[in-house]
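The values are calculated or read from the model by the stated rules, or taken from the named source; none is laboratory data. This one's a predicted model, so the numbers in the text were calculated from it and none came from an experiment. Virtual Cβ from ideal backbone geometry, glycine too; neighbours counted across all protein chains shown. Surface areas here come from the heavy atoms of the whole protein model, side chains and all, with no ligands, DNA or RNA. Shrake-Rupley method; radii C 1.70, N 1.55, O 1.52, S 1.80 Å.
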Amino acid sequence: MGVIHVTDRAGQRHTLEAIEGWRVMEIIRDWGLPIEGLCGGACECATCHVFVDEQWLDKLYPPTEEEEDQLDTVVTKPNSRLSCQIIWTPELDGLEVTLAPTGN
Amino acid sequence: MTDHIETDVVIIGAGPVGLFAVFELGLLDIKCHLIDILPKVGGQCAELYPEKPIYDIPGFPMVTGQGLVDNLMAQIEPFHPTFHLNEMVESLESIGTPEAPRFRVKTSENGTTFECKAVIIAAGGGSFQPKKPPIDGIESYEGTGVYYAVRKMEMFRNKRVLIVGGGDSALDWTVNLQPIAKRLTLLHRRDAFRAAPHTVEKMRSLVASGDMDLHLGQVSALKGDAPVLEGAVIRKDDGSELRVDCDVMLPFFGLTMKLGPIADWGLNLHENLVPVDTEKFETNVPGIFAIGDINTYPGKLKLILSGFHEGALAAQKVHRYVYPEKKLLFQYTTSSTSLQKKLGVAA
Ligand SMILES: Cc1cc2nc3c(=O)[nH]c(=O)nc-3n(C[C@H](O)[C@H](O)[C@H](O)COP(=O)(O)OP(=O)(O)OC[C@H]3O[C@@H](n4cnc5c(N)ncnc54)[C@H](O)[C@@H]3O)c2cc1C
Ligand code: FES
C-alpha cells in the first residue's frame with residue numbers, strides 16, 4: 001500500500017490511498033475528485049490530464065506516441081501527463097500530481 | 001403544406017444505441033428520424049475509437065468501433081431511417097397530454113422542426129463539440145477573434161491568423177488559409193504533427209520559404225481590448241515567452257462531449273444524467289425515453305450491450321403511444337414471417 005498526493009483545481013492537496021495495478025486516473029476518480037476520464041482510460045480523451053511534480057517525472061515510463069498524440073489536444077506544460085497512462089506501483093508511493101484546468 | 005416533419009419517433013443521437021433503437025422500433029412498425037450534431041453516425045465508437053477492438057458485444061468475439069457501426073447501419077437498412085446530421089437538437093417541447101403525448105423538436109443549424117409521438121434521447125455523453133482551451137478570458141473573444149471552426153474562408157482574408165494544434169484540422173486550415181491570410185502562424189506544442197504527411201510537408205515548405213511562421217509552445221494569454229483580439233502570448237517549453245500579433249485565433253484541439261441543451265428540457269437530471277425506470281426507460285416526462293450512456297438507474301453500466309437492451313424495452317412502451325389501439329404481440333425474428341417481411345428476408 002502507499003499513497004498519491006493530488007492537488008485539485010482549487011489548490012487543495014489531497015492524500016489518497018493508492019492501489020497497485022490501478023491507473024492513477026482511476027485512483028483519483030475512485031476517491032471522488034473531479035477528474036472526468038471520459039474514455040475510461042483508453043487514451044482517447046485527455047480529460048485525465050495532470051501536471052506531474054518535477055521530481056517524479058523521471059520515475060515514470062515515458063509517454064507513448066499515442067499519449068503524445070492525445071496530449072496535443074490540451075494546453076500542456078512540460079510536465080503534462082495523462083493520468084490514465086500511469087499505472088500505480090509501490091515505486092510511485094508519494095507521487096505528486098496536480099489536476100490540469102479544463103476548458104468550458 | 002406543412003412547415004415541419006411529421007414522424008412517429010425522433011431519436012436524439014446516432015450513436016450505437018440510437019442506431020439499434022431504429023431496429024427495435026422498426027420491428028414494431030414505428031418510423032423514426034435520427035438527429036446528430038456530428039457529420040457522421042456512430043457516436044463515440046466512430047468518433048473516439050473507430051480502429052480500436054471491442055470484445056464484449058454478444059456474438060462478436062471482436063469488432064472495431066467502426067465495424068460495429070457499419071454492421072448496425074446494415075442491420076437497420078430495411079427500416080430506412082432518415083438521418084439529420086450536423087444538426088444539434090436545441091429544443092424539445094411537449095405539445096400533447098400525458099395520455100396522448102406529442103412533442104415538437106427543433107434543431108439549431110437549419111432550424112428543422114419535427115413533430116412526433118415519442119422522443120428517444122440516446123445522447124450518450126452529450127453532444128460532441130470543439131474543445132475550448134483553458135485560456136483566461138477566451139470567451140470574450142469568441143465569435144470576433146476566436147473561432148473553433150471555419151465556416152467561411154473569406155472571413156479570414158487579409159487577417160493575421162494564428163492556428164493552434166497539430167492534427168488534421170489545424171494543418172488543413174493552415175495550408176488552406178495561408179494564401180488568403182495577411183500572415184499565418186501555426187502554433188503547436190511539439191515538432192511532430194499527427195496529420196496527413198503531404199499536408200505536413202506543404203506546411204514545412206511554406207515555413208522554409210518564409211511564407212508562414214511555425215512556433216512551438218502554448219498560448220498562455222490573449223491580448224487586445226475584448227472583443228477585439230490583437231495578439232497572443234506564447235509560452236515555450238524552456239519557459240521563455242513570445243508575443244504573436246494576430247486578429248484571429250483558431251484553436252483546433254479536437255472534440256469533447258457536453259451535455260448541452262438537454263439540461264433545459266424540463267427533465268429530471270442527476271449529475272448530468274437522465275434518471276429512468278428500468279421497465280420502460282421512460283423519463284419523468286411520459287413519452288420521452290432515455291437509453292444508452294445518457295441515462296441512469298440503480299445498477300446502470302455504461303456498456304453498449306446495456307443500451308441495446310434498453311432500446312428493446314423502450315420500444316415496447318413507445319408502441320403504446322404510437323398505436324394506442326393495437327395489442328402488441330411478442331414474436332421472434334427467426335420464426336415470424338411478418339417480422340421477416342419487414343426485414344425483407346421472407347421467403
Ligand atoms: C475509448 C472507448 C472505448 C470503449 N470501449 C467499450 C467497450 O469495449 N464495450 C462497451 O460496451 N462500451 C465501450 N465504450 C463505451 C461505449 O462507446 C458507449 O457506451 C457507447 O458509445 C454509448 O452509446 P450511445 O449511443 O448511448 O452514446 P454515444 O456513442 O455517446 O452517442 C451519442 C450521440 O448523441 C449525439 N448528441 C448528444 N446530444 C445531442 C444533441 N442535443 N443534438 C444532436 N446530437 C446530440 C452526440 O453527438 C453523439 O454522437 C468505450 C468508450 C470509449 C470512449
Ligand atoms: S481517461 Fe481518456 S485519455 Fe485518460
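Of the listed requirements (1) among the hydroxyl-bearing types (Ser, Thr, Tyr); (2) touching a strand residue (DSSP E or B) at 6+ places or on another chain (Cβ under 9 Å); (3) more than 9 Å from ligand 2 (Cβ to nearest atom), A:THR47 misses just one: (3).
Select from the stretch A:53-78 the residues that are more than 11 Å from ligand 2 (Cβ to nearest atom) and under 18 Å from A:VAL6 (Cβ atoms) and write down the one among them that is farthest from the other protein chains (Cβ to nearest Cβ).
A:LYS59
Picking from residues in the stretch B:144-203 that are within 14 Å of another protein chain (Cβ to nearest Cβ) and acidic (Asp, Glu), the one that is nearest to the chain's Cα centre (by Cα) is B:ASP168. Looking across the stretch B:148-165, not a single residue is over 15 Å from B:THR185 (Cβ atoms) and surrounded by 19 or more Cβ atoms within 10 Å (Cβ to Cβ). Take the residues in the stretch B:193-232 that are farther than 14 Å from B:VAL164 by Cα and among the acidic types (Asp, Glu), then tell me which one is surrounded by the most Cβ atoms within 10 Å (Cβ to Cβ). Applying the filter and picking the extreme gives B:GLU230. Within the stretch B:1-60, the residues that satisfy the criterion of being aromatic (Phe, Trp, Tyr) and surrounded by 17 or more Cβ atoms within 10 Å (Cβ to Cβ) are B:PHE20, B:PHE23, B:TYR49. Entry remark, the stretch B:127-147: residues being closer than 30 Å to B:ALA46 by Cβ and either open to solvent by less than 40 Å² (accessible area, probe 1.4 Å) or among the hydrophobic types (A, V, I, L, M, F, W, C) (or both) number 7 in total. Against the test of being open to solvent by 50 Å² or more (accessible area, probe 1.4 Å), more than 12 Å from chain B (Cβ to nearest Cβ) and within 11 Å of the chain's Cα centre (by Cα), the options A:ARG23, A:ARG81 yield a single qualifying residue, A:ARG23. Sort out which residues of the stretch A:1-54 are touching a residue at least 60 places away in the same chain (Cβ under 8 Å) and hydroxyl-bearing (Ser, Thr, Tyr), and write them in order of number. Residue satisfying the conditions is A:THR7 alone. Screening the stretch B:243-315 for strands (runs of 3 or more DSSP E) wholly inside it with 2 or more residues that are within 14 Å of another protein chain (Cβ to nearest Cβ) and away from ligand 1 (no atom under 12 Å from the Cβ) returns the ranges B:248-251.
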